[in-house]
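Visitor: Dropping the structure in here first, questions after.
Values quoted throughout were computed directly from the atomic coordinates according to the rules given, and no laboratory measurement underlies them. No experiment lies behind these values; they were computed from the predicted model shown.
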């Protein structure tokens, strides 16, 4: 998969909780994530991503209630979802889809 987002991209995310503008803090394919070998949390996470066909992971930071929070967005064959498997729509700010 090509990288749809890169660190520093400004994005708008729409989902069940509403719409937020944020910044990509990290973006990678599962193969690019660290792998500390069998028995490690990173190994288990990569196995789960392979099983569920997750091909891209994005960490997004945005402002919320006078503070900054981060959340993960995962790309599945059917589109973007959060860690609760709720549908997300993510686009770069200033670009058209």
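Visitor: In degrees, nearest 10, range 0 to 90: what is the angle between the Cα axis of helix 41-51 and the longest Cα principal axis of the chain?
Guide: That helix lies at roughly 80 degrees to the long axis.
Visitor: With just the Cα atoms defining each centre, how far is the stretch 9-50 from the stretch 65-97? Give it in Å.
Guide: The two parts, judged by their Cα centres, are 10 Å apart.
Visitor: Run lengths n ≥ 4 of DSSP H only: what is the helix-derived mean residue ellipticity at 222 nm for the chain, with -39500 (n - 2.57) per run over all residues, to the nearest 500?
Guide: On the way: 1 runs with 11 residues, N = 97.
Roughly -3500 deg cm²/dmol at 222 nm, from the helical runs in the chain.
Visitor: Note the listed values [x] 39, 30, 29; [y] 40, 30, 24; [z] 56, 50, 16, then indicate which one is Cα extents along the principal axes in Å calculated from this particular structure.
Guide: Looking at Cα extents along the principal axes in Å for this model, the match is [y].
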